[in-house]
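Taking it in order: structure first as structure tokens, then the write-up.
Read-outs throughout are calculated quantities, based only on the coordinates presented, and are distinct from any laboratory measurement. Computed from a predicted structure; not experimentally measured. Cβ sites come from the backbone with ideal geometry, for glycine too, and all protein chains shown count toward neighbours.
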Amino acid sequence: MTRSRYSDQPLIAREDPATNRDRDGGTPHPDDPSASGNLDKIRDILFGAQAREHERRFAQLEQHLIREATDLRNDLKRRFDTLEGYIKKEIDALTSRLTREQEVRGESVTSLAQELTHLAAALEEKARQLEMQAAQARTHVLQQLTERTSELATDVRARHAEATSALKQAVHDLRAEKTDRMTLAAILMEASKRLSNDDANSVRT
């Protein structure tokens, strides 16, 4: 509520200054201490209430501003604390999630490494088995080939022996047949000679 400019001023403030000068014995001298005091009183009478009202308002405004600044500072502190807590919570959650993901990935990598190790061992064992089987098959094939070669060699030797024997028998037969022919020719020649001699003897007689 705004007070009236002259509500707090006493009635003497409404007196005529000329009357006061006449009552005080004329115009006061500027260097007179009483005149300076009177001016202060007059100034206080005229503007004191307004000045005090302004001071009161300034004090109220200052208190209001202080309260507003305090409330603002407290509100900002509260908001900053809330924001800090939220950021810290989010960072903790993100860190926990990243840690968990890292652990899961580490477990996955470890599991994958184990699987790869097992797979490599299985492949190595399979390769070893295949190599053994190939060696066994090669040995078996070589054995069969050796046996077959031996059988073929034996068969070839047997056939060669048979052929040689047959050839020898044929040569023997041919020789025997040639001998028989020669004997037959000698007999025939002897018979021819005897016939010739018989014919000659007949002619002589």
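Residues that are surrounded by 10 or more Cβ atoms within 10 Å (Cβ to Cβ), within 24 Å of the chain's Cα centre (by Cα) and of a type in the set (A, V, I, L, M, F, W, C): does the stretch 141-153 have at least one?
Scanning the stretch 141-153 turns up no residue that is surrounded by 10 or more Cβ atoms within 10 Å (Cβ to Cβ), within 24 Å of the chain's Cα centre (by Cα) and of a type in the set (A, V, I, L, M, F, W, C).
Sort out which residues of the stretch 52-76 are over 53 Å from the mean Cα position of the chain (by Cα) and of a type in the set (A, V, I, L, M), and write them in order of number.
Residues satisfying the conditions are ALA59, LEU61, LEU65, ILE66, ALA69.
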